[in-house]
1. Using the Karplus equation 6.51 cos²θ - 1.76 cosθ + 1.60 (θ = phi - 60°), what ³J(HN,Hα) coupling, rounded to whole Hz, does each residue of the stretch 310-317 give in order, writing x for Gly and Pro?
2. May I ask you to give the solvent-accessible area per residue for the stretch 196-337, in square angstrom, as obtained with a 1.4 angstrom probe?
3. Of the heavy-atom accessible surface of the stretch 46-107 (probe 1.4 angstrom), what whole percent is carbon and sulfur?
4. Can you give me the Cα centroid spacing of the stretch 42-95 and the stretch 196-270 in angstrom?
5. Assigning unit charges at the beta carbon (Lys, Arg +1; Asp, Glu -1) and nothing else, what dipole magnitude in debye, to the nearest 20, does the stretch 183-337 show about its Cα centre?
6. For the stretch 47-95, just say rounded, prolate or oblate: build the C-alpha gyration tensor, square-root its eigenvalues into a ≥ b ≥ c, call rounded for a/c under 1.5, and beyond that prolate if a/b exceeds b/c, oblate if not.
7. Can you give the angle from 0 to 90° between the axis of helix 214-227 and the longest principal axis of the chain, with both taken from C-alpha atoms, to the nearest 10?
8. Which GluC sites (Glu not before Pro) from the stretch 182-246 combine a DSSP loop assignment with at most 13 other Cβ atoms within 10 Å?
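The values are calculated or read from the model by the stated rules, or taken from the named source; none is laboratory data. Values in this document were obtained by computation on a predicted structure and should not be read as measured data. Neighbour counts are summed over all protein chains in view; Cβ atoms, including those assigned to glycine, are modelled from backbone coordinates with ideal geometry. Just the protein is used for accessible areas: all its heavy atoms, side chains included, with ligands, DNA and RNA removed. Shrake-Rupley method; radii C 1.70, N 1.55, O 1.52, S 1.80 Å.
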Amino acid sequence: MSLPQIPSSLPQQYDYFQQIELSQEIRDLISTLPAEEGLISGHLHQYQGFWYPTMRIPRILATQKHFQAHDTDILLATTPKSGTTWLKAILFALVKRVHYHPHPQNIDHPLLTNNSHPLVPFLENKQQSGENQIPDANSYAPPRLFSTHLPLAHLPQSVKDSACKVVYLCRNPKDIVVSLWHFTNRVRHKSLETNSLEKVFQYFCRGMNGYGPFWDHVLGYWKESLERPETVFFVKYEEMKEKPGLHLRRLAEFLGCPFSPEEEAQGVVDNVLKLCSFETLSNLDVNKNGRLSTGVENSVYFRQGKAGDWKNYLTAEMVEQLDRITEEKLQGSGLKF
Ligand code: A3P
């Protein structure tokens, strides 16, 4: 199979310079960074080893500079397409269960009328209020819940200095590639050519997808979870799928909000899992017809919700190539997919 060649450099003029107001300092920085075509739109720039959508870089720098973590904060870290939407829902339902009972009869639960993304905001998303603002989660009673796609090395220093708990969710890279391929084609502008699976696969293997390389991202959090297990909780999408009750209870323990014997007897664990299941969330009106403030349709975050769908898409050659890269990159770490 011949795979498409990716250009090693791009012209110096980038659309985004016209689209957003950037300080001269940030323009100067971005103009020095390696650039590639993005899989959705615009470009990616490689900043300190990781590929970021260019539009996000100012916001990431602002987040690193201004975000003040609280010791009670909870931060969900993922690479895109690892199941972020799902774990955001689980974290919200779990941690806020005293305020919002995850009972099937509770029709007022926020997850029934909101996509989980605004309930657990990304640290590094561009806010409408301006570059230097952090997501306003002060309206939340502690703990505040945030999410991020930033690699460990790029988290704000205040997160590293605080007792803030980090939950890291990762997923088999073969399923991520397939999920990413579908996702990019759903959100790409209709005027742009559809991405082929080969193209997305090749970009992913080269680490040139948003927040990639995948393996460096995962390894950073994996190593930290081994060194500081009281601070970083590491879990795989596949494990959550296989034994959701076990890992939800582990997560609750880790976050200091274990299920009480009364809650166990009342079936609260099952209620959280049912509320956050693919079947429940993907069939809600808000997730079928709603949109995020960015204009992205909520439905693009729900496709199959299964482990192992890669078997239906990847060729034997692709599987061999991706497995080989994963084995090489994770060698000696104790982490396997
Ligand atoms: P698939 O495309 O394989 O179906 P992210 O939220 O990080 O963008 O990841 C999206 C992936 O998570 C998609 O995978 C999506 O279907 C899956 N997903 C979304 N909600 C889920 C849920 N409640 N349970 C399991 N998987 C879910």
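1. Result, ordered by residue: 4, 4, 7, 10, 7, 6, 4, 5 Hz.
2. Per-residue accessible area for the stretch 196-337 comes out at 51 Å².
3. Carbon and sulfur together cover 55 percent of it.
4. What the calculation gives is 14 Å, centre to centre.
5. Details: 21 positive and 23 negative charges, 113 e Å.
Once rounded to the nearest 20, the dipole reads 540 debye.
6. Taking the square roots of the gyration eigenvalues as a ≥ b ≥ c, the stretch 47-95 is oblate.
7. The answer is roughly 40 degrees.
8. On the way: sites: 193, 198, 224, 227, 230, 238, 239, 242; in loops: 193, 230.
Those satisfying the criteria are 193, 230.
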